[in-house]
1. Check A:Pro374, A:Pro301 and return the single one that is surrounded by fewer than 21 Cβ atoms within 10 Å (Cβ to Cβ), within 14 Å of chain B (Cβ to nearest Cβ) and not aliphatic (A, V, I, L, M).
2. Return yes or no: is A:Arg204 outside any loop (DSSP other than H, G, I, E, B), under 14 Å from the mean Cα position of the chain (by Cα) and over 30 Å from A:Arg354 (Cβ atoms)?
3. Determine if region B:31-38 includes at least one residue that is within 11 Å of chain A (Cβ to nearest Cβ), surrounded by 22 or more Cβ atoms within 10 Å (Cβ to Cβ) and under 30 Å from B:Ile9 (Cβ atoms).
4. Quick one: how many residues across region A:114-141 are in contact (Cβ under 8 Å) with a residue 24 or more places away in the chain and at positive phi?
5. Residue pairs, Cβ under 9 Å, 6 or more apart or interchain, first in region A:307-321 and not assigned by the TED database to the domain that holds A:Phe295, second buried (at least 23 other Cβ atoms within 10 Å of the Cβ). List them.
6. I need the full set of residues from region A:1-42 which are in contact with a Leu (Cβ under 7 Å, 6 or more places away or on another chain), closer than 18 Å to A:Ala352 by Cα and β-branched (Val, Ile, Thr), in order please.
7. In region A:278-295, which residue that is in contact with a helix residue (DSSP H, G or I) (Cβ under 6 Å, 6 or more places away or on another chain) and within 13 Å of chain B (Cβ to nearest Cβ) is surrounded by the fewest Cβ atoms within 10 Å (Cβ to Cβ)?
8. In this structure, does B:Ile9 turn out to be at pLDDT 95 or above, of a type outside the set (Gly, Ala, Ser), surrounded by fewer than 17 Cβ atoms within 10 Å (Cβ to Cβ) and assigned by the TED database to the domain that holds B:Asn118?
2 protein chains.
Amino acid sequence: MTAVKYELIKTCKQSGARLGKLHTPHGVIETPIFMPVGTLATVKTMSPEELKEMGSQIILSNTYHLWLRPGHDIVKEAGGLHKFMNWDRPILTDSGGFQVFSLSDLRKITEEGVHFRNHLSGEKLFLSPEGAMDIQNALGSDIMMAFDECPPYPAEYDYMKSSVERTSRWAERCLEAHQRPEDQALFGIVQGGEYEELRKQSARDLVSLDFPGYAVGGLSVGEPKDVMNRVLDFTTPHLPENKPRYLMGVGSPDSLIDGAIRGIDMFDCVLPTRIARNGTCMTSNGRLVVRNAKFARDFAPLDENCDCHVCKTYSRAYIRHLVKANETFGFRLTTYHNLYFLLKLMEQVRQAIREDRLLDFKEEFFEQYGFNKPNAKNF
Amino acid sequence: MTAVKYELIKTCKQSGARLGKLHTPHGVIETPIFMPVGTLATVKTMSPEELKEMGSQIILSNTYHLWLRPGHDIVKEAGGLHKFMNWDRPILTDSGGFQVFSLSDLRKITEEGVHFRNHLSGEKLFLSPEGAMDIQNALGSDIMMAFDECPPYPAEYDYMKSSVERTSRWAERCLEAHQRPEDQALFGIVQGGEYEELRKQSARDLVSLDFPGYAVGGLSVGEPKDVMNRVLDFTTPHLPENKPRYLMGVGSPDSLIDGAIRGIDMFDCVLPTRIARNGTCMTSNGRLVVRNAKFARDFAPLDENCDCHVCKTYSRAYIRHLVKANETFGFRLTTYHNLYFLLKLMEQVRQAIREDRLLDFKEEFFEQYGFNKPNAKNF
C-alpha cells in the first residue's frame with residue numbers, strides 16, 4: 001500500500017513523452033505538470049484561491065525553510081501543512097538537502113548527516129535522513145523527498161561516486177525512518193551529475209529500494225542546457241515506467257518541454273515567481289521586462305495570446321506603474337501571469353502528447369517564443 | 001446639474017447622526033461610509049475583486065501621487081482612473097494639497113499656488129487650484145476636492161485666518177477651472193483649525209459657493225481627539241443638510257463613531273492598511289499585534305467575532321508566521337481584515353442610526369473594544 005499511484009495514460013508516438021495521472025491522498029494530478037513553489041507555506045504573493053483559479057494542481061513547499069520558520073512542530077499542531085496554509089490539493093515537500101547545501105555556511109558532511117549553520121541566525125544545526133523524514137512526517141505532505149546530497153556542478157568523478165553511494169545509503173535510512181507510508185509517498189532522488197555510469201548506478205540502487213516515485217536531482221545547478229538534456233537522455237531509461245519521474249528545480253519554458261520529451265512527469269522551480277517580483281514576465285513572444293520605459297503608455301496586455309485574468313483585465317502601462325512604484329499588487333499580477341503561463345504551457349504539452357505531436361509543438365513554441373533566434377534571451 | 005446627489009434617509013433620534021445615500025456616476029453609496037485609500041491607483045496589497053468582496057463602496061486615490069507617478073496624462077490616455085485600475089465603483093480624489101504640505105520640501109506658498117520640491121526626485125514643481133483641477137479632470141474621479149492649504153496643528157490665529165481666506169479664494173478658482181462638472185462633483189474643504197470663528201467663516205464662504213459636498217479638513221493632524229470632536233461640534237451645524245459631509249484623514253474606530261454622531265457622512269484614512277503592513281490588526285476586542293510571540297501557537301482567528309474571509313480561514317499562528325517572514329500574503333491577510341473591520345463597523349453604525357441607538361452602540365463598542373479602560377491602546 002502506497003500513498004500515491006501513477007497511471008500511464010499514453011506515450012506520445014512522436015516524442016516518447018508520457019501523459020499520465022498521479023493519484024494522491026489530496027486528489028488526482030494530470031502529468032506532465034509544473035508545481036508552483038510555496039517555500040514558506042505560501043506561494044509568494046498568491047492566495048490559495050488564486051492558485052486554484054489559475055489551475056495549480058499541486059504545489060511544492062520547502063522542508064528546510066518550514067523547519068526553521070515557523071517550525072514543523074507548529075505546523076503539525078495546526079493539523080499539518082494543508083490545513084495551516086488552507087491548501088486542500090496535493091503538496092510535495094523537498095527534503096531540505098538542497099537548501100542545506102546551497103544556503104547554509106560551514107557545512108560538514110558525515111555519514112550520519114550534515115552539520116551546518118542556519119542561514120538566518122547562524123545557529124548550529126544538524127540534518128540527517130531521519131531528521132528530514134521526521135520533519136516531513138510532521139508537515140504531512142502527500143509526497144516527501146529522500147534526504148540526498150546535491151553536489152555542485154561540476155564535481156569530480158570520484159567525489160560524485162562516493163556522494164552517490166552515500167545518497168543511496170541515506171535513501172535506505174529514509175525509507176526506514178518514514179513513519180507514515182500510507183499517508184505520504186516517499187520519492188528517491190537519482191544523483192550522479194553528468195556521469196552516465198553514476199546516474200545508472202544511482203538509479204539502479206534506488207529502484208531496488210522500490211520507491212513509489214523517483215526524482216532526477218542535481219540538474220539546473222549551473223550546467224549548460226545540453227548537458228541537462230543529455231543526462232536526462234541516459235537517466236530516464238533506467239527508471240520504471242509505472243512510477244512518476246520528477247525533474248527537480250527546472251522551470252524555464254524550453255526545459256519543461258525538453259524534459260517532458262525525455263519522459264519527465266513533474267517539474268518545480270522558483271523561476272516564474274522570482275522573476276515576477278523583478279517585473280519580468282514570460283509571454284508567448286518571449287521575455288517581457290514590464291518595468292522598461294517603453295511600456296509606460298502601452299495599454300496592451302502582458303501577452304496578447306494569453307487568456308489569464310491579468311491579461312484580460314490589466315494593461316502593461318498599469319502593471320509597469322505598479323512595479324516601478326514597488327506596489328505589491330503589481331507583483332501579484334506578474335506572479336499570477338507567469339504561473340498561469342507555465343501551467344497553461346503544461347496543458348498544451350499534455351494536449352500535444354494526446355495528439356502525438358509534441359515535437360511539432362516544441363518547434364512552433366520555440367519559433368514564436370524566439371528561442372530559435374540568435375541571442376534569444378532565455379531565463 | 002451636478003454629478004453627485006445626497007439623499008438624507010433619516011437622522012438618528014438618539015445621536016443626530018445621518019443615514020443617507022450618495023448618488024454618483026459610478027453607483028450609489030450608503031453613508032456614513034469609510035473609504036479605503038488607494039494612493040497610487042491601488043489599495044496597497046489588495047485587488048479590486050477583494051475590495052468589492054469585503055464591501056468597499058468607494059475608494060480614495062491621491063492626486064499628488066498620481067500626478068508624479070505614472071502621470072495624469074497616462075491615466076487619462078488609459079481611459080481614466082477607473083479603467084486604468086479596473087475599479088468600476090466610485091472614486092474620490094483629494095486635491096494634492098495635503099501632500100504638498102506634508103510630503104514636500106522647501107515649499108513656498110503664494111497667492112498663485114505652491115512651489116515645492118517633488119518628494120521622490122527633488123525636482124521643482126508648482127501646484128495651483130487650476131493645476132489640481134486639471135489633474136483631477138484627467139483622472140476622472142467621481143468626486144474631486146478643492147485645492148486648499150492645510151496648516152499644521154497648532155497654528156496661530158492670524159496665520160490661520162489668512163490661510164482660510166486664501167483657501168476660500170482658491171476654492172472659487174477651483175470651481176471656475178473645473179472642466180467636467182457634469183461628470184465629476186467638486187467638494188469644498190472647510191479649514192480653520194481649532195478656531196470656532198474661522199471654521200464658521202470658512203464654512204460660510206464655501207457654502208456661498210454652493211459646492212455639491214463639503215469636507216472638514218485640517219483635522220487628525222496631531223490634535224487631541226477631544227479637540228477634533230469639539231471642532232466637529234461647532235463646524236457641522238454650518239454645513240447644509242442636503243449635501244454630504246466628509247471628514248478627511250480619519251479612520252480610527254472611535255473617531256469614525258464620534259464623527260458619525262456629529263453628522264459626518266464620509267471618512268478616509270490610511271490607518272487600517274498602514275498598520276496592517278506592520279502586522280497590527282483591529283479587532284472587536286481591541287488592537288492585536290499579530291507578530292507578537294504569544295500568537296506563535298494560537299490557532300484562533302484574528303478576531304473571533306469577525307466573519308471576514310480571513311477570520312473564517314486562517315489562524316493567528318499562520319498569519320504571524322507570514323508577517324514575521326515578511327511574506328506578502330501575510331500583509332494581504334491583515335490588510336483585508338482591517339479594511340473589512342472598518343467597513344463592517346460603518347455598516348453597524350448605519351444599522352444603529354436606523355434603530356435610533358447610535359449612542360448605545362458607541363457605548364457597547366467602546367466597552368468591548370477596551371476604549372473605556374485606563375491606558376487602552378488606540379491607534
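The values are calculated or read from the model by the stated rules, or taken from the named source; none is laboratory data. The structure presented is a predicted model; accordingly, all values stated were derived computationally and were not measured. So basically every Cβ, Gly included, is an ideal-geometry build from the backbone, and we count neighbours across all protein chains shown.
1. Values: A:Pro374 fails: within 14 Å of chain B (Cβ to nearest Cβ).
None of the other options fit; the residue is A:Pro301.
2. Numbers: outside any loop (DSSP other than H, G, I, E, B): yes; under 14 Å from the mean Cα position of the chain (by Cα): no; over 30 Å from A:Arg354 (Cβ atoms): yes.
Answer is no for this residue.
3. We begin by selecting, within region B:31-38, every residue within 11 Å of chain A (Cβ to nearest Cβ); these are B:38.
Right, trim to surrounded by 22 or more Cβ atoms within 10 Å (Cβ to Cβ) and you get B:38.
If we keep only those that are under 30 Å from B:Ile9 (Cβ atoms) too, we end up with B:38.
So far as region B:31-38 goes, yes, one or more of its residues are within 11 Å of chain A (Cβ to nearest Cβ), surrounded by 22 or more Cβ atoms within 10 Å (Cβ to Cβ) and under 30 Å from B:Ile9 (Cβ atoms).
4. 1
5. Sorted first by the residue in region A:307-321, then by its partner, the list stays empty.
6. A:Ile9, A:Ile29, A:Thr31
7. Applying the first criterion (in contact with a helix residue (DSSP H, G or I) (Cβ under 6 Å, 6 or more places away or on another chain)) to region A:278-295 yields A:279, A:281-282, A:284, A:286, A:290-291, A:295.
Among the residues that remain, those that are also within 13 Å of chain B (Cβ to nearest Cβ) are: A:290-291, A:295.
On the way: A:Val290: 27, A:Arg291: 18, A:Phe295: 23.
Of everything passing the filter in region A:278-295, A:Arg291 is surrounded by the fewest Cβ atoms within 10 Å (Cβ to Cβ).
8. On the way: at pLDDT 95 or above: yes; of a type outside the set (Gly, Ala, Ser): yes; surrounded by fewer than 17 Cβ atoms within 10 Å (Cβ to Cβ): yes; assigned by the TED database to the domain that holds B:Asn118: yes.
Considered against the rule, which asks whether it is at pLDDT 95 or above, of a type outside the set (Gly, Ala, Ser), surrounded by fewer than 17 Cβ atoms within 10 Å (Cβ to Cβ) and assigned by the TED database to the domain that holds B:Asn118, B:Ile9 comes out as yes.
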